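The values are calculated or read from the model by the stated rules, or taken from the named source; none is laboratory data. Note that the structure is predicted; figures quoted are calculated from it, not measured. Cβ coordinates were reconstructed from backbone atoms using ideal geometry, including for glycine residues, and neighbour counts include every protein chain displayed.
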Amino acid sequence: MTTDEGSPPRVVVRLNGVRKEYGGDARALDGVSLEIRAGEAVAVMGPSGCGKSTLLNMVAGLDRPTSGTIEVRDQDLGKLNETGLALYRRHHIGMIFQFFNLIDDLSALDNVVLAAQLTGSSAKQARRRALELLDELGIADRKNMYPAALSGGERQRVAVARALMNRPALLLADEPTGALDSRSGEQVMDLLIDLNQIGQTLLIVTHDPHLATRCASRLIEFADGRIARESSLERTA
Amino acid sequence: MFVALRDIRFARGRFALMGAVVTLITMLVAFLYGLTGGLAADASSAVARLPAASIVFGSPQGTALEVSFSNSSIGPAQLTAWQSAPGIGTVAPLGIAMSRLTSQDTAASVSVLGTGAALLPPLVSGRAPAEGQVAVGAKTARADRITVGSRVTVGAQTLTVSGITADRSYGHAASVWTTEPTWQRVSGATAPSALAVQPGSADTAALDRARNTRTVSRGGALAGIDGYSAEQSSLRMIQGFLFVVSALVVGAFFTVWTVQRGTDIAVLKAVGASSGYLVRDALAQALVLLLGGTLTGAAVGVAGGALLSGGGLPFALSGATVAVPVLAMVALGLAGAGLAVRRITSVDPLTALGASR
């Protein structure tokens, strides 16, 4: 399995004084500064409403900060318009959602090919890479099934394949095991560990301490929109 | 087109249903176009295909001028003035009246046109009528078993058939052609209804002012056929309503479809699809649906119309004329779909993550 083959800058993600307010005094993020380096697996934990999902949305270019800057691979997201952000997500970001968010009208294979189609890759190349990914993720035999016919674990694998299709610099995961049974959850965790071990940079938002300690090399704990604590982790088996 | 075509394949039942609706509306529009064309020809071909550029209407001194073959009358002074006008090309008196043709044991309503041989439709057989003679259309000749030399009664006059012409009709009655003096005897009129003119370099406006006449183009003269304008405008209004209905139906379908796909659109945006890409994809989907539906509908409409016209229904539709309603249906359907899918641009990709602002 391959990740970004270029020479990524040492710092992949840099947040500087990021603040997000939703009117009044409600602050989802309150002056957050952090860096994520290439090849790191960072888990963000905290209670509901602490701002961890807002952080993920900001880095994904799905939301904009009220103040502060977010740079991903030296690209200031604040300077990009909506189309620019779409291109940024297309080329630099892979996303895994809690509820998979596959397109129901597309087969497993087409869900994966879709990501390459957006970049203008040839249909032949896209199909070849999608089949490689599905094979590596152990679901090649399910390629013609529609999402409704797949198990939760299989759907999440398809979602991972889609996220990896364009060799993203950064893989974002929002509660990636939150909707899975424990066995499927363990399989997805193994997958994330494997990806990180071959150099894929990960940012995982989760409530699950087991996921964080298994998959992440660094843990950031959020409280009230701020970083409450940061620690390095030894991965557990 | 990547998502568009796969959507159609996945939701083939919904798209087939919608395609069937577009097909049926197009069939109806194509059929109406054919009927409009057929009725127009049935009401006016005798005038519309005259070898004359303009028609001159007149009225007796002191009465109001109007473009109407029924109410128009060209007096001798007007006729002489037009025929002797400097620079005028050709001027032929034209009498038009409705009558009844009886032959052996059959009778039919006919339009009787009295004029010179120059305005006669192409002859299939025989020759142009002289005094006391008449030329009938091929269809009438077949239906009433009339041949050259047959004796027929037109109105109260018994005439000899001098020739068989190409089919023309006026006021939904087959046309028969005779000389202007014979026409006067048949119709009881004392002057021709109008003049068929090639104006040449004559100042027709000055002639109109001086001689209380009104010159209109041959196409404009069709409004002078009783009921022609009302009939055509009624049919065109129905066509217009069908176009609007089509645009609304397609727009409504794509509105519901876009709303149903809201989450998918958000996901597509979250993984990097731009609004432009998604709008283009949705419009391509609408185009596939519209082209499939309209081409099928037009083909069925043309074929059905051809079958019906064999049974005597006035129907005229060619590949070229059916292109107009097909293109209009596609353009209006795309406009409806365009209005519906513009909501794609306002879908927030953040909703893909289940977040709310």
Self-check item: strands (runs of 3 or more DSSP E) enclosed by region B:87-142 - at least 3 residues per element that are not aliphatic (A, V, I, L, M)
Solution: B:90-103, B:106-114
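Residue by residue, here is whether (1) more than 14 Å from chain A (Cβ to nearest Cβ); (2) buried (at least 16 other Cβ atoms within 10 Å of the Cβ); (3) in contact with a Leu (Cβ under 8 Å, 6 or more places away or on another chain); (4) assigned to a helix (DSSP H, G or I) holds:
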site	(1), (2), (3), (4)
B:202	yes, yes, no, no
B:230	yes, no, no, yes
B:251	yes, yes, yes, yes
B:269	no, yes, yes, yes
B:291	yes, yes, no, yes
Quiz prompt | Selection from region B:186-215 of residues that are of a type outside the set (Ser, Thr, Tyr) and within 15 Å of residue B:93 (Cα to Cα) | solution = B:189, B:191, B:192, B:194, B:195, B:196, B:197, B:198, B:199, B:214
Quiz item: Going by the structure shown, is residue B:284 modelled with pLDDT of 90 or more, over 16 Å from the mean Cα position of the chain (by Cα) and in a loop (DSSP other than H, G, I, E, B)?
Solution: no
Exercise. Mind listing whichever residues of region A:89-108 are in a helix (DSSP H, G or I), surrounded by fewer than 23 Cβ atoms within 10 Å (Cβ to Cβ) and within 8 Å of chain B (Cβ to nearest Cβ)?
Key: A:90, A:91
Quiz prompt | Search result, residues across region B:1-43 that are within 14 Å of another protein chain (Cβ to nearest Cβ) and of a type outside the set (Gly, Ala, Ser) | solution = B:1, B:2, B:3, B:5, B:6, B:7, B:8, B:9, B:10, B:12, B:14, B:15
Exercise. With respect to residue A:12, determine if the residue is in contact with a Lys or Arg (Cβ under 7 Å, 6 or more places away or on another chain), in a strand (DSSP E or B) and modelled with pLDDT of 90 or more.
Key: yes
Quiz item: Which one of these is at pLDDT below 90 and either surrounded by fewer than 23 Cβ atoms within 10 Å (Cβ to Cβ) or among the aliphatic types (A, V, I, L, M) (or both): A:148, A:179, A:140?
Solution: A:179
Quiz item: Residue check: is residue B:64 farther than 30 Å from residue B:317 by Cβ, hydrophobic (A, V, I, L, M, F, W, C) and modelled with pLDDT under 90?
Solution: yes
Quiz item: Considering only region A:38-57, how many residues are surrounded by fewer than 20 Cβ atoms within 10 Å (Cβ to Cβ), farther than 12 Å from residue A:196 by Cβ and more than 14 Å from chain B (Cβ to nearest Cβ)?
Solution: 1
Quiz item: Does at least one position in region A:139-152 carry a residue that is within 24 Å of residue B:4 (Cα to Cα) and assigned to a strand (DSSP E or B)?
Solution: no
